[in-house]
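Participant: The structure is given below, and queries will be raised subsequently.
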Amino acid sequence: MRNLDPNRAKWIRFRMGALLVLVASGFGALASTAWRVQVEEGHAWRAAAEAQSKRKLHVAPKRGTISDRHGTPFAVSIEVPSLSVDVAELLHGVEGQEAQAQALMDAARTLAKPLALDEHDLYQKLSKKKRFQWIKRRLSAEEVAAVQALVDPRKTDPNAKPLKGLSIDGEGQRYYPARTLLGPVLGRVAPDGSGQEGLELALDEELQGHAVEASKGGDDGAHAEDAATGHGIELAIDEGIQHVAEREIEAALKTYETRGASIVVLDPETGEILALASAPGFNPNDFIPTKDDTRLNHAVVDRFEPGSVMKVFTFAAALSKGVLAENEKIYCEHGYYELAGAKIHDTHENDLLTPTQILAKSSNIGTLKIALRLGEPELYGAFRRFGFGEPTGLPVPGESGGILRPRGRPWVEVETATASFGQGIGVTTMQLAMAMGAIANGGKLMEPILVRRVTDARGQTLRENVPHVRREVVPRSVAKTVAEMLTAVVEDGGTGVEAAIPGYRVAGKTATAQKADPATGRYSEDKYIASFVGFVPADKPKVVVAVVLDEPMIGRYGGDLAGPVFRRVAESSLRYLGVTPFKGSAKLADISRKDDVADRALDALRPSPPSTLAPPTDTSFGPPAPGASEVPDLTSLPAREALLRLTKLGLLPEMEGTGRLVRQQPAAGTRVPKGSKVHLVFEPGS
Amino acid sequence: MMAFRNVRVTRETFEAAPLDVAPLVPKVSKTAAAPVATSPSGPVDPVLAAALVFVIFFGVVMVYSASNVLGATRHHDPEFFLTRQLMYAGGALALLFGLSRIDYHRLYKATYAVLLGTGGLLTACIAGLGHSGGGATRWIAIGPVHIQPAEIAKLAIVVWLAYSLAKKAEAVKSFTVGFLPHLLVAGLFMVLCMKQPDFGSAVVLLLLTFAMLFVAGARVGYILGAAILGSLFAVVSVLSKSYRMQRYEAWMHLEQNRQGIGYQPYQSVMSYGSGGFFGHGIGRGTQTMFLPEAHTDFISAIIGEELGYIGICGLILLYLLIVARGVRTALRAPDDYGAYLAYGISFLFGIQAVFNLCVALSLLPTKGLTLPFLSFGGSSLLVNAAAAGILLNISRQGPIEVALEDAPTPRPTEVRRRGKSADVDVLEPEPSLEPGDVEALS
């Protein structure tokens, strides 16, 4: 501007400056908008963006496996192919409303037939023009092949136009190889992959794993297939013992026609739960929304009046407090006693009884006299120390803590008396097992261990639950004394003779508790809870077994009903654990076939023949699908082995018969997509 | 081939300019002191050059980050867009420094060739030779190369306006000579752009014209009047095309339209927002999977996501720096033509950046304008680089004696420079500067 008249040059400079200021203020407005969007609203936008990218990537990592203490899977996730579409990609390069509608119509027509979908419905789906839309989930092998032919049609027809925007991804499907085994404990998973009940819900966070930040690099950007696998959960449960418990609970349910039942098997030294059975159970594989009752884990959810089992803890408290001598005699009023107007009966009319006899004959009157010596605060405190009145802390949803003081105030005298033999208070089966465990192991209340180990995808231990003493409840000597007294229960003249196991010394306590009728507010005449809680061998306990039968229709007494269940479960468990009997050589033959117990357990695991035979997946044609597996040769394998091999390959076993495998469909060597069903036929070996 | 082979032509041209009254004086020894310079010897504005080189490299990085997902899904090659952008960036740098060494006065003579060539390309584009994509015919395919005439048109109009305004000087104030012809030519270009259709480029052309007329001294009243007419025309054109109306609707009601027509701007704002203050870090954004055209028009959204508010502020400051240094170059330019040219180019960068960022932040409806130097695309990058090369050359020719800069009367210095440039022209083998050359590169 040096050529200009200075005045004009000045004006030009001024105008240039003015426009520059205008541009700068434009930039300033942008900076302030960016501040509002990025800093002030940043969190909301970030949350929205993350939710969106999770949906798109469905980075829900493969759900972790739940297995027993030996690694036998209880819940596994296998990948099944599902088809989704990105409509924006499908319509890439198609302009104009009509052309797009036509393109969607064509796509719907092309896809509907091979996938057996309704063309109109599919068109409606596509018309929403979403960036991510499921078309069909859980495709069969033919469907996968058909879709692949549409995506890449050049093999058959070089001029055909490929359908864009489709993608087949593996979608995790939960499978429970052990079927109903442990069902109520495991819970279930919703189709979207979130845990809904049981351990699947309680440990959902761990099982789901954490979606790693989807790496954008490389061509896996949109898939993020290496998203972390969820953590594996190793339970303390032993599949063999669990199986025995469920077999027996099922038998009890049918024999006594009980409304429900629960069994807890526990290692008293470690607090590890070896079996946790609840009936009626359910099979999480074919979940149908039924009465919630079947899916409840009755052992931890149900709160009931325990009855005479509580006498064990009353005695332990009295002995440790020194208000009861082992060899004194207590007058039992010939079976009838009145306390502050309340009438208390014994089933047997007794005169003078030793403490051991009181337990063996289950005298309420003798027990209440001991409890009254203790006094309310001491008895209440002892129960609390044994873990009643608070949840045991199992990682399962809905655990009840039971209730000790239902009216929220200290017991009056009658209440103290009834509480001492287990009336007027509420407990759970799990609490009874844990408390009995404290008697068995010498006075230590353990933390129950249901989850032994949490491992990452590579099997590295992330967390391990080691045995942990919650508190010392009673001195070791007292626990020993009570244990010794409890052996009298199963001896001749005791209430629990049915629970005796030949070759082992059993300690335990029967209980028969009337249920309160909610309609009348009084104890029901015909509704009982029959239970037996005990441990074996009495001097060096290996297992604690708590059996609780809810409302048996046939029979009544805990000793008669729950005793045999206890015996069978405990006996099988001992053999399974390899605990040798100290007498009763008649059973020695069985010991030599110790493995057979486990085999028997697994035999029963095999399902009865399925009522309807699902048509076997025909996979004889078509190219191998992505993530296809070759069906292995399983001939002559036992069920357990066959099942493990198949689930490892991501295949769904369907089993029929028992014994060893004789036929399989599809045949060995066939390539099938993951998630395909493999039908297995077993026959008992000759 | 319009090469400046004849020195006299050059001189005459400049002498013909009404204000170019300073007498030519014999060349001063200064020329010889510059051993390598092919154009007048001063160094380029180092700040401007550094900012331009930086922004081009930054563009390559961001294009890669924004395009690898798309490259992988659409072309089965995550580096698909990176390799191309690297080639364009190489070409852009060559163009930038090549043109910075060629005296911008050579462009003076070629003005009409550039203008007519561009007009021809624009016409060809809508006359059926164009290549469609995204619902518009904005490209012309020459073999494997696709060029976008609208990008060239923006630079062409600046070149022509600088020429014309410098030539007309005081006459700019008149309506018939100084105002109307410029508006008519710009209007013709705009109509050609609208036919593609490319509404955004038309608006940029109009604003460029207004800005340059304003700076050159056109009456503000005329500009305001034309601006009102232009706005009316814009409203009519928005109402007349359903997709423009939809975009406007989408912009007005972003939240309601986020699944449909407003998807792109909504995702863009979401990208910005999710970046927060510090951003996710380069290459760690996820919005590229959702934001269509993330590597082209909406690349700033990815910058916002990956580099956060800090990054956006840095980006804004970078553009502001480029524009400010460009305006400084204009103020220091040796003559009117250079001043207008430098100003027009700076304003071109500034206005495109502002518009693009406004669209990305949903302050304006979607337009289809690129972010200069950053967006993926050869035409845009090469044309902008060419413009920047010219700008750098003008910066070279700023006053050597700073003390003289503010002198109110012309000094021999400028004359000397002009003479010098002419002399150099004679000495040099003539690189041709044809519109076709620029286009073929892009």
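Every read-out reported here was derived from the displayed coordinates using simple, explicitly stated rules and does not represent laboratory data. Keep in mind it's a predicted model, so treat the numbers as computed, not measured. Backbone-built Cβ (ideal geometry, glycine too); neighbour counts: all protein chains shown.
Participant: Using a 10 Å cut-off on Cβ to Cβ distances, tally the other chain neighbours for every residue of B:333-344 and report the average as a whole number.
Facilitator: 3
Participant: Can you tell me which of B:152-165, A:326-339 comes out highest on packing, and rank the rest after it, using the mean Cβ neighbours within 10 Å?
Facilitator: Per-residue Cβ counts within 10 Å, averaged per peptide and sorted highest first, yield B:152-165, A:326-339.
Participant: Other chains near A:8-15: what is the mean number of their Cβ atoms within 10 Å of each residue's Cβ?
Facilitator: Mean shielding by partner chains, rounded to a whole number: 5.
Participant: Turning to a different aspect of this structure: Mind jotting down the distance between the C-alpha centroids of region A:80-137 and region A:432-505, whole Å?
Facilitator: 61
Participant: Please list the non-local residues whose amide H lies under 5 Å from the amide H of A:Tyr528, H modeled 1.01 Å from N, same-chain partners needing a gap of 5 or more.
Facilitator: Answer set, sorted by chain and number: A:Lys515, A:Glu551.
Participant: Percent of Cα-Cα pairs more than 39 Å apart in chain A, please.
Facilitator: Distances greater than 39 Å cover 48 percent of the Cα pairs.
Participant: Once the convex hull of the C-alpha atoms of region B:237-386 is built, how many Å³ does it hold per residue, rounded to a whole number? The partial results should precede the final answer.
Facilitator: Values: hull volume 18.2 nm³, N = 150.
Hull volume over Cα atoms, normalised by residue count, gives 121 Å³.
Participant: If we count other beta carbons within 10 Å of each Cβ, what is the order of A:Lys648, A:Lys542, B:Lys168, fewest first?
Facilitator: A:Lys648, A:Lys542, B:Lys168
Participant: Further question on the same structure: Given the pairs A:Lys254/A:Lys527; A:Lys164/A:Lys648; A:Lys129/A:Lys648; A:Lys329/A:Lys515; A:Lys130/B:Lys241; A:Lys62/A:Lys254, which span a C-alpha to C-alpha distance of over 28 angstrom in this model?
Facilitator: Long pairs (Cα-Cα over 28 Å): A:Lys164/A:Lys648; A:Lys129/A:Lys648; A:Lys329/A:Lys515; A:Lys62/A:Lys254.
Participant: Grab the DSSP H runs of chain A that are 4 residues or longer, score each as -39,500 (n - 2.57), total them, divide by all residues and round the 222 nm result to the nearest 500 deg cm²/dmol.
Facilitator: Here the helix-only value at 222 nm equals -11000 deg cm²/dmol.
Participant: Sticking with this one: Per-residue Cβ counts within 10 Å, from other chains only, averaged over B:347-355: what number is that?
Facilitator: 3
Participant: OK, next. Give me the one-decimal nm value for the distance between modelled label points at A:Asp152 and A:Ser127, 7 Å along each residue's Cα-to-Cβ direction.
Facilitator: 3.4
Participant: Sticking with this structure for a sec: Need one number: nm distance between label points at B:Leu317 and B:Ser240, each 7 Å from Cα along Cα→Cβ, rounded to one decimal.
Facilitator: The two pseudo-label positions are separated by 4.5 nm.
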